[in-house]
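One structure below.
The values are calculated or read from the model by the stated rules, or taken from the named source; none is laboratory data. From a predicted model like this one, the values you see are computed outputs, not experimental measurements. Cβ sites come from the backbone with ideal geometry, for glycine too, and all protein chains shown count toward neighbours. We work out accessible area using only protein heavy atoms, side chains counted, and drop any ligands, DNA or RNA first. Shrake-Rupley method; radii C 1.70, N 1.55, O 1.52, S 1.80 Å.
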Amino acid sequence: MENSPKQVNVNIDGLQLSVPEGMTILEAARQNNIRIPTLCHHPALSAWGGCRLCVVEVDGSPKLAASCVMPVRDGMNVVTNNSNIITARRTILEFLFAERNHYCMFCSQSGDCELQALAYELQMDHLTVPQSYEQYPTDITSEYMAIDHNRCVLCGRCVRACHEIAGAYVLNYQGRGIQNQIAFDLNMSRGESSCMGCGACLQVCPTGAIFNRYRAHRSVKGHQKEKRIASDSFCSNCGLMCETQTVAEDNQLLSIEGHITPGKIGPERGQLCVKGRFEPLKTPGKRLLYPMIREADGTWKKFSWKAAMDLVESNMSLRQKGTFGLVSSRCANEHLMIFRDLMLKGWSADYLDTLDGRSLRTQAGAWEELGKTFLGLKEASWKRIQDADHILIIGVPSFETQPLIGGLIRRTILEKRSTAVVIGNTDTVSPWSADYIPVAEGNEKPVLEAFLSQVLKSHSGQLSPGWEPVLSVMKKVDLQNCLNQAGLDDSAKKAFLAEVDAFVKSRNPIVIAGKGITNLAQTDSLRNLMLLSLVKGILPENALRLVILKSDGNSSGALKLGISAGAPDEKYRRGLMLLDDENLEGSQLMERLSGLDFLAVITPYFPEALRDYAHILIPRPTCMEEEGTYTSLDGKEIRTLHAILKRPKGVSESWQTLLALMQRTEFHPSYARWKDISARVTGEMLSGL
């Protein structure tokens, strides 16, 4: 049992308080609802004491102290508000306003700016010091964020957030005196730098210096803040389920922020990524508000709901070969289940798949193979990465699908002195990785065979009898032949042997597999990777030391529901697709959709890539406009995402549209209401956990 911290007695503005020793004056004051203004301070970041707006009088000293960095002591007497303190704060504030361009009427943050609010609080309505006329650059090389150095007060919040929350260490100060600015890497533009675009810097910026380019026009000034609705939710875009707070007004999404709060000790630390913070603010295309049909001349025209449903029924009910269903793995579990039942039980489809079906089939096959010998094993949670002393990354050309994991790996390397090695066609952790083993796409199989073989030869512990078939196969592996087959040169071979040694010596390794492994047609490579992670022992939750990156936000849900059952062996003829906001332009799928007799697509947006392939389009809400459950990356957690926005008038919920189609088939499910559907899918998925 931990001892309680020693209490000290302090007097703040005449109030006798007992507070823990080591607490700062600012913390003690805020704990007791005593107002002390701040600007550079943020409760989730380390204290810096740079702006001096939090100055207070301590024990009657004429030299004012920064309350955010001065600890309390027994018997201390503090005054937070008198004429001298107010004069000092207002003078500091005037210098901040005079140093750069802070003309609030031209700033998108006007009305929601801490600097502006302090000016009102301290009644600073004009400047008594000379105004600087220096001009500073504005960086708009990022699609999502802009940084206007003319509005920057050099509070350092963004720098500390980049270090302490994102772990990116991209931002810092550059230049001296009046030329001092926030810089990216070695004074690069944001677009050229190693910035991951997570937006942690934007969220903690107290002025309009860093602002969101997608909502810069939605200034608070002139709008009633009471009309804004803030909702706590989570991001469903990649399976990490990061906590979010969304802000909407007049049914328009204004911002998405992470929970950057004191005591946030999770691996994400309240951080979001580009996919979670910015991409939902983009408009993927023209919104589909009513059914549409493609005429003979290729033009698209409005169609009635009844006629649309009749047309889908008449074409999909044909008992002929070539009927298929394709669904997005971004859809909620409920929609995936109803779609599956509609296609297989309602229309007896020959083929049912997700858009990332190849990857899911490889994963399902590898787990099945592993389960023949080693029962009950699961995937590791991505949160285990932060505890690893060694990280092996294989087949991950980029962290585009789960950008936050790339930042977490970088932070683990820098903060915990962990090592990381990349095997693949791109060094995704450079320059922080210890070694890089270049392997061309498609050559992963012999490298993994050689790796597993060498690790087993070096393993000194006792292995269970289940390993005997594996050992007999691995003994026959020719190391040099495998490495030559993979095209490794002498330098790469040396790095390979060094990584084998590092992996064997590691005590708490984590292996991360990406699409370079999961997209392989055969399951051998992923199975060998599972065995490789198993050599180092399982985690307490009976999980392998393996994190498998999925292609889409709810791929784990689709995998558990068994939607990607098998590859098609016949040509597509007629089908139904359930999409989210995918851009299918350039997808290999398009080749199979050529020359279809019939294709119906249920989608929130007009799919330009399917303009000449689809025959009828049926609208559906976006994920933010309807309720649904989603499954975490490792498949262990199921959470409900509630509607944040209202769906367009006249657009039915996805489950209602799918059930209406099912009612036109010979299959009549036991579920007919939303709560029945949700209970059914949750029960089915939990039974496999």
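Here are a few things to note about the model shown:
- Qualifying residue in the range 65-75 (condition: β-branched (V, I, T), assigned to a loop (DSSP other than H, G, I, E, B) and out of contact with any helix residue (DSSP H, G or I) (no Cβ under 6 Å at 6 or more places or on another chain)): yes
- Residue count, the range 323-345 (criterion: touching a residue at least 60 places away in the same chain (Cβ under 8 Å), more than 21 Å from P621 (Cα to Cα) and open to solvent by 10 Å² or more (accessible area, probe 1.4 Å)): 1
- Any chance L17 is touching a strand residue (DSSP E or B) at 6+ places or on another chain (Cβ under 6 Å), open to solvent by less than 70 Å² (accessible area, probe 1.4 Å) and more than 22 Å from D148 (Cα to Cα): yes
- Residue satisfying condition, being of a type in the set (S, T, N, Q) and modelled with pLDDT of 90 or more, within set Q245, Q224: Q245
- Test: residue in the range 439-446 that is of a type in the set (G, A, S) and either in contact with a Leu (Cβ under 9 Å, 6 or more places away or on another chain) or at pLDDT 90 or above (or both): yes
- Filtering the range 97-126 to residues that are in contact with a Lys or Arg (Cβ under 7 Å, 6 or more places away or on another chain) and either of a type in the set (D, E, K, R) or farther than 22 Å from N180 by Cα (or both) leaves R100, S110, G111, L122, M124.
- Tally of residues being among the acidic types (D, E), surrounded by 14 or more Cβ atoms within 10 Å (Cβ to Cβ) and closer than 30 Å to I229 by Cα across the range 640-689: 1
- Test for G406: is it farther than 30 Å from L576 by Cα and assigned to a loop (DSSP other than H, G, I, E, B): no
- Residues that are among the small types (G, A, S) and either surrounded by 22 or more Cβ atoms within 10 Å (Cβ to Cβ) or in contact with a helix residue (DSSP H, G or I) (Cβ under 7 Å, 6 or more places away or on another chain) (or both), drawn from the range 522-546: S525, S533
- Test: residue in the range 38-50 that is without any contact (Cβ under 8 Å) to a residue 40 or more places away in the chain, open to solvent by 40 Å² or more (accessible area, probe 1.4 Å) and of a type in the set (A, V, I, L, M, F, W, C): yes
- Within the range 144-249, strands (runs of 3 or more DSSP E) holding 2 or more residues that are in contact (Cβ under 8 Å) with a residue 12 or more places away in the chain and more than 30 Å from G49 (Cα to Cα): 229-234, 243-249
- Search result, residues across the range 111-120 that are over 16 Å from C152 (Cβ atoms) and surrounded by 15 or more Cβ atoms within 10 Å (Cβ to Cβ): G111, D112, A119
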